[in-house]
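Right, one structure below, let's go through it.
The values are calculated or read from the model by the stated rules, or taken from the named source; none is laboratory data. Not measured: the values here are computed from a predicted model. Cβ: placed from backbone, ideal geometry, glycine included. Neighbour counts: every protein chain shown.
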Amino acid sequence: MSAPVAADAASSDPASLPAQRLAAAPLVRRMAAFLYEGVLLFGVLAFAGLVYGVAVHQTSGIEKRTGLIAVCFVVLGVYFIGLWTQAGQTLAMKTWHLRLLTDRGLPLSPRRALARYLASYVWFLPPLALAGALRLPSAAAIFGLVAGWIVVYALSARLHPRRQFWHDALCDTAIVGYRPTKPLPQ
């Protein structure tokens, strides 16, 4: 971590810091949490898709697809917005000792969490829109385009003065390192 504020953020409660802008946690840890989040969300979305499919009697992946996309969007929104506003971290962020705060070290309001949730679609929408415009013929080509964009977008955080993702800069949020304090033995 490059800034003194970031070092303090890793060792104490970030919300107790003075009104300084927080430095982002290391990119490798944030991306590890990103990948782990994907694994966890695979199960969450598979379950949501199963419930949706049974509820609407969906017999193929093509029919009623718009409804399924809407359900997945809402499920992801409830998951992220709920956890960001209640705990400041998702399960993957907790595993990697990360916390999402405003760039002043405060917990997120529901409005700011919603804004960040919507802005975070920059991870996926640009390459998917490009894939649609190019009419890419295979899932492998689409996956390659999305994976390439994720790498480019993640590395673009190195261009930001505080090394944070651009959607975090837009929403005045920061993913910081966080080590919970252990309770004293009694």
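In the range 130-154, which residue that is within 18 Å of the chain's Cα centre (by Cα) and among the hydrophobic types (A, V, I, L, M, F, W, C) is surrounded by the most Cβ atoms within 10 Å (Cβ to Cβ)? Working first, answer last.
Of all residues in the range 130-154, those within 18 Å of the chain's Cα centre (by Cα) come to 146-154.
Going one step further and asking which of them are among the hydrophobic types (A, V, I, L, M, F, W, C), we end up with 146-147, 149-152, 154.
On the way: Val146: 17, Ala147: 11, Trp149: 19, Ile150: 16, Val151: 11, Val152: 11, Ala154: 16.
So the residue we want is Trp149.
Suppose we keep only residues that are part of a helix (DSSP H, G or I), aliphatic (A, V, I, L, M) and more than 15 Å from Ala119 (Cβ to Cβ) within the range 155-186. Which one would you say is farthest from the chain's Cα centre (by Cα)?
Of all residues in the range 155-186, those part of a helix (DSSP H, G or I) come to 155-159, 166-171.
Add one more test, that the residue is aliphatic (A, V, I, L, M), and what stays is 155, 157, 159, 169-170.
Checking the rest, the ones that are also more than 15 Å from Ala119 (Cβ to Cβ) come to 155, 159.
Numbers: Leu155: 15, Leu159: 19 Å.
Step by step, filter the range 155-186, then rank; the result is Leu159.
Matching residues to (1) modelled with pLDDT under 90; (2) more than 27 Å from Arg111 (Cα to Cα); (3) among the basic types (Lys, Arg):
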site: Pro4; (1), (2), (3): yes, yes, no
site: Val44; (1), (2), (3): no, no, no
site: Leu50; (1), (2), (3): no, yes, no
site: Leu83; (1), (2), (3): no, no, no
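For the range 87-99, check the following and say yes or no: at least one residue is touching a residue at least 12 places away in the same chain (Cβ under 8 Å) and either surrounded by fewer than 12 Cβ atoms within 10 Å (Cβ to Cβ) or over 16 Å from Ala33 (Cα atoms) (or both).
Taking the range 87-99 first, the residues touching a residue at least 12 places away in the same chain (Cβ under 8 Å) are 88-93, 95-99.
Among the residues that remain, those that are also either surrounded by fewer than 12 Cβ atoms within 10 Å (Cβ to Cβ) or over 16 Å from Ala33 (Cα atoms) (or both) are: none.
No: the range 87-99 contains no residue that is touching a residue at least 12 places away in the same chain (Cβ under 8 Å) and either surrounded by fewer than 12 Cβ atoms within 10 Å (Cβ to Cβ) or over 16 Å from Ala33 (Cα atoms) (or both).
Scanning the range 105-142 for residues that are among the β-branched types (Val, Ile, Thr) and either within 24 Å of Ala25 (Cβ to Cβ) or part of a loop (DSSP other than H, G, I, E, B) (or both) turns up just one, Val122. Might you let me know whether the range 42-61 holds any residue that is part of a loop (DSSP other than H, G, I, E, B) and either under 24 Å from Ile150 (Cβ atoms) or of a type in the set (D, E, K, R) (or both)? Yes: one or more hits.
Which of the following residues is at pLDDT 95 or above, of a type in the set (D, E, K, R) and more than 22 Å from Leu50 (Cβ to Cβ): Arg112, Arg104? Break it down into steps so the answer makes sense when it comes.
Working: Arg104 fails: at pLDDT 95 or above.
Arg112 is the lone residue from the list that is at pLDDT 95 or above, of a type in the set (D, E, K, R) and more than 22 Å from Leu50 (Cβ to Cβ).
Here Val39 meets each of (1) in contact with a helix residue (DSSP H, G or I) (Cβ under 7 Å, 6 or more places away or on another chain); (2) exposed (fewer than 14 other Cβ atoms within 10 Å of the Cβ) with one exception, condition (1).
In the range 160-177, how many are of a type in the set (D, E, K, R), surrounded by fewer than 19 Cβ atoms within 10 Å (Cβ to Cβ) and either touching a Pro at 6+ places or on another chain (Cβ under 6 Å) or at pLDDT 90 or above (or both)? Full working, then the answer.
At the first step, the residues of the range 160-177 found to be of a type in the set (D, E, K, R) are 162-163, 168, 172.
Now restrict to residues that are surrounded by fewer than 19 Cβ atoms within 10 Å (Cβ to Cβ): 162, 172.
Applying the additional criterion that residues be either touching a Pro at 6+ places or on another chain (Cβ under 6 Å) or at pLDDT 90 or above (or both) yields 172.
So the answer is 1.
Condition test on Leu145, is it among the hydrophobic types (A, V, I, L, M, F, W, C), part of a loop (DSSP other than H, G, I, E, B) and touching a helix residue (DSSP H, G or I) at 6+ places or on another chain (Cβ under 9 Å)?
Working: among the hydrophobic types (A, V, I, L, M, F, W, C): yes; part of a loop (DSSP other than H, G, I, E, B): no; touching a helix residue (DSSP H, G or I) at 6+ places or on another chain (Cβ under 9 Å): yes.
When the stated conditions are applied, Leu145 does not pass them.
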